[in-house]
Amino acid sequence: DQQVKQNSPSLSVQEGRISILNCDYTNSMFDYFLWYKKYPAEGPTFLISISSIKDKNEDGRFTVFLNKSAKHLSLHIVPSQPGDSAVYFCAAPSGGYNKLIFGAGTRLAVHP
Amino acid sequence: KAGVTQTPRYLIKTRGQQVTLSCSPISGHRSVSWYQQTPGQGLQFLFEYFSETQRNKGNFPGRFSGRQFSNSRSEMNVSTLELGDSALYLCASSLRGRDEKLFFGSGTQLSVL
């Protein structure tokens, strides 16, 4: 049972435009969400997080939106840059002690 | 500050063999967790260690085991390797191991032939 789902395996966006990456979850007990970015041959790096008491969190070009009623979150990147090309994972802590449930990831390609 | 270091980067083994992977966390981090990444599956949690104690375990068979040493360095072992164990194994560290972001190493790419 996939508790965190990223239904789009890939996304292609032109440089300067907005990238929107989506994530759905099924477990209503999740109260904290994280986004990680992964380049080839590197480990994932933390990007941004959001607590369920908020519906939006911003950090520079990155904004995460949370819609608790729809059990949906999205990551917006504005403006998109070629260096943003990577695989993006959303994740939620479950069961304590650094057990994160990850989505399958979305590969973002930003082309000039 | 040095990041999370995993060795080796690449490993090729045959079915039935066993393998040991190593992870050195960021200095001062006492929690080390392990994840398996396979294509299309995201990252799957294996286990977490804190002060040499396993505090959390994922849904993997007993062939997967780990340990942590007093200096917080950790190893994971996979015995009787199967083809399906081919994956990228990622180690992550954090200060306490609860509700905080994880810092990942670059991983060990294991291929089982």
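So how much slack lies between B:GLU100 and B:THR80, counting 0.36 nm per residue of separation and subtracting their Cα-Cα distance, in nm?
3.8 nm
Once the whole set of protein chains is in place, how much accessible area is left on A:ILE20, using a 1.4 Å probe, in Å² to the nearest 10?
Rounded to the nearest 10, that gives 70 Å².
Step through the table entries B:LYS57/B:LYS101; A:LYS54/B:LYS57; A:LYS68/B:LYS101; A:LYS56/B:LYS101, compare each Cα-Cα distance with 25 Å, and write down the pairs that go over it.
Going by Cα-Cα distance, A:LYS54/B:LYS57 fall outside the 25 Å limit.
Please get the size of the charge dipole for the range B:19-106, origin at its Cα centre, with Cβ charges of +1 on Lys and Arg and -1 on Asp and Glu, quoted in debye to the nearest 20.
It works out to roughly 240 debye.
What residue among A:ALA70, A:ALA91, A:ALA41 shows peak mean-square fluctuation when chain A is described by a Gaussian network model with Cα springs under 10 Å?
A:ALA41
With all pairs of different alpha carbon atoms counted, what Kirkwood hydrodynamic radius in Å does the protein assembly as shown show?
Result for the protein assembly as shown stands at 18.0 Å.
Counting pairs of alpha carbon atoms under 8 Å apart in space and at least six apart in sequence, what relative contact order in percent does chain B give?
37 percent
Summing Lys, Arg as +1 and Asp, Glu as -1, what charge do residues with Cβ under 9 Å from the Cβ of B:SER72 carry, B:SER72 excluded?
That sum, taken over residues with Cβ under 9 Å, equals +1.
Could you order B:ARG9, B:ARG55, B:ARG63, B:ARG96 by accessible surface area, starting with the largest, using a probe radius of 1.4 Å?
Final ranking, largest accessible area leading: B:ARG96, B:ARG9, B:ARG55, B:ARG63.
Can you tell me, using C-alpha contacts under 8 Å and at least 6 residues apart, the relative contact order of chain A as a whole percent?
Reported as a whole number, the value is 36 percent.
Count the net charge of all other residues whose Cβ sits under 15 Å from the Cβ of A:GLU15, scoring Lys and Arg as +1 and Asp and Glu as -1.
+1
The values are calculated or read from the model by the stated rules, or taken from the named source; none is laboratory data. Keep in mind that this is a model prediction, so the values were computed, not measured. Here Cβ is always computed from backbone atoms with ideal geometry, including for glycine, and neighbour counts include all displayed protein chains. Heavy atoms of the whole protein, side chains included, go into the accessibility calculation; ligands, DNA and RNA do not. Shrake-Rupley method; radii C 1.70, N 1.55, O 1.52, S 1.80 Å.
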